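The values are calculated or read from the model by the stated rules, or taken from the named source; none is laboratory data. Given the structure is predicted, the values throughout are model-derived calculations rather than measurements. Because the Cβ atoms are built from the backbone with ideal geometry, glycine has one as well, and the counts that use them run over all protein chains shown.
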Amino acid sequence: MAFNVIQGVLVDLSRFRSLLGDPLWLGNPETEWRDFEERNSLSLPFEYKEFVSAYGPGCLNDQMLIFHPDGDPDEGLSLDWLLASVHASYAALRSDSPELYPFPVHPDRGGLIPVGRSYGGNYLLLAPPAPDKRDWQVVVDMGEWASFDMSFTDFLWRALRRDIYLPVFSGEPSFELME
């Protein structure tokens, strides 16, 4: 079993092979993300970048689109595009109904970072560490908000195995690369 230890996070992507098959994108998480993070004043968790750099932009379980900095804007899988569009949409919704949209979205201070969207319009987002916490969290907007106090890869592993039930991760685990 291969592990990478970077920034104090233990990452084991080999476990996903049994559910999703071998990764096909095989990018470099150090270089693929540099321009995106600088352009957007972000520093995303390494374990998230490592998963997305290995599997690439695509679709989980025929339902959840995963975005990438090098995702094709014509296919709609550009992470820059997702970040801008979700910020604009949620800012308007939040100003009209703050009780229904309790979280800001990046680049607003402390804002969530959208990383996935289902075909039904549900969002998968990363929450930066709170001042009293060290780790990132996962937030899902399915009309109601759900927060998960775990890393992206732990969340994904548990959702794909149905240890956490979310309708957007129902069905057999699969990943389709969408270049």
### Query
Has the range 131-151 got at least one residue that is in a strand (DSSP E or B), modelled with pLDDT of 95 or more, aromatic (Phe, Trp, Tyr) and in contact with a helix residue (DSSP H, G or I) (Cβ under 9 Å, 6 or more places away or on another chain)?
yes
### Query
Within the range 82-98, is there a residue that is of a type outside the set (A, V, I, L, M), farther than 19 Å from Tyr123 by Cβ and surrounded by fewer than 19 Cβ atoms within 10 Å (Cβ to Cβ)?
no
#### Entry: Boolean, Pro107 is more than 21 Å from Asn28 (Cα to Cα), surrounded by fewer than 18 Cβ atoms within 10 Å (Cβ to Cβ), in contact (Cβ under 8 Å) with a residue 60 or more places away in the chain and not acidic (Asp, Glu)
yes
### Query
Phe36 fails exactly one of the following numbered conditions: (1) aromatic (Phe, Trp, Tyr); (2) touching a residue at least 60 places away in the same chain (Cβ under 8 Å); (3) in a helix (DSSP H, G or I). What is the number of that condition?
(2)
### Summary
Residue set Leu13, Leu60, Leu42; condition surrounded by 14 or more Cβ atoms within 10 Å (Cβ to Cβ), closer than 23 Å to Ala127 by Cβ and modelled with pLDDT of 95 or more; output residue Leu60
### Task
Please find, among Pro98, Pro114, the residue that is part of a loop (DSSP other than H, G, I, E, B) and not hydroxyl-bearing (Ser, Thr, Tyr).
Pro98
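Tally up the residues in the range 129-179 that are of a type outside the set (Asp, Glu), on the phi < 0 side of the Ramachandran plot and touching a residue at least 60 places away in the same chain (Cβ under 8 Å), please.
Pass one, the range 129-179, residues of a type outside the set (Asp, Glu): 129-131, 133-134, 136-140, 142-143, 145-148, 150-153, 155-162, 164-171, 173-175, 177-178.
After this cut, where a residue has to be on the phi < 0 side of the Ramachandran plot as well, the list is 129-131, 133-134, 136-140, 142, 145-148, 150-153, 155-161, 164-170, 173-175, 177-178.
Still in the running and touching a residue at least 60 places away in the same chain (Cβ under 8 Å): 136, 151-153, 156-157, 160-161, 168-170, 173-175, 177-178.
Result for the range 129-179: 16.
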### Query
In the range 159-177, what count of residues is obtained for those that are at pLDDT 95 or above and assigned to a helix (DSSP H, G or I)?
2
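Name the single residue, out of those in the range 58-93 being among the polar types (S, T, N, Q) and not in a helix (DSSP H, G or I), that is nearest to Phe175 (Cα to Cα). Before you say what the answer is, go through the steps one by one.
Step one: filter the range 58-93 for residues among the polar types (S, T, N, Q), giving 61, 63, 78, 85, 89.
Now drop any that are not not in a helix (DSSP H, G or I), which leaves 61, 63, 78.
Numbers: Asn61: 6, Gln63: 10, Ser78: 17 Å.
By that ranking, first place goes to Asn61.
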